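Worksheet for the structure shown next.
Values quoted throughout were computed directly from the atomic coordinates according to the rules given, and no laboratory measurement underlies them. Remember, it's a predicted structure, so these values are computed and weren't measured experimentally. Every residue, glycine as well, gets a Cβ built from its backbone with ideal geometry; the counts of neighbours run over all protein chains shown.
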Amino acid sequence: MLPDGMEIEQDGQVATCRIEMSEVTHLEMQEMIDECMQIMRHDNIRNFVFDLSHVEFLASSCIGALVSFLQDLEHVKGKIALANCKENVSFLFKVTRLDSVFAIYDDVQDAIASL
């Protein structure tokens, strides 16, 4: 079960993961990713959009969890797109150079369209 402030919505072959929390811990992100893995296995969905519009702080271990999930998805030709990143979160991806690994979009619709 997902923590309060997190939800996953499936639309066709894309799952949108909404995080409506200002801070995300590693445990919370791991619970979200575990749920995504279940969706991937049971519903054959391979593309995921993470809507981070409310997230002000993302622990670096959360990024590690996203990278690990992306590696799992690559085995099934899946993708992750990030949407609505606030400045602090966007900076974290830039400084770690992971903005070249994760596609980052201004809104969820653009992210979905890219997948």
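Hand me the trypsin sites (Lys or Arg not before Pro) from the stretch 3-102 located in a DSSP loop with no more than 11 other Cβ atoms within 10 Å, in residue order please.
Hits after loop and neighbour filter: K77, R97.
Enumerate the calculated ³J(HN,Hα) couplings along the stretch 33-46 in order (Karplus 6.51 cos²θ - 1.76 cosθ + 1.60, θ = phi - 60°), each rounded to whole Hz, writing x wherever the residue is Gly or Pro.
Along the stretch 33-46, the couplings run 5, 4, 5, 4, 4, 5, 5, 4, 6, 8, 10, 6, 8, 10 Hz.
Between (1) 17; (2) 25; (3) 36, which matches percent of Cα pairs over 23 Å apart calculated for the structure shown?
(1)
Compute the distance from the alpha-carbon center of the stretch 1-53 to that of the stretch 76-115, in whole Å.
So the two Cα centres are separated by 14 Å.
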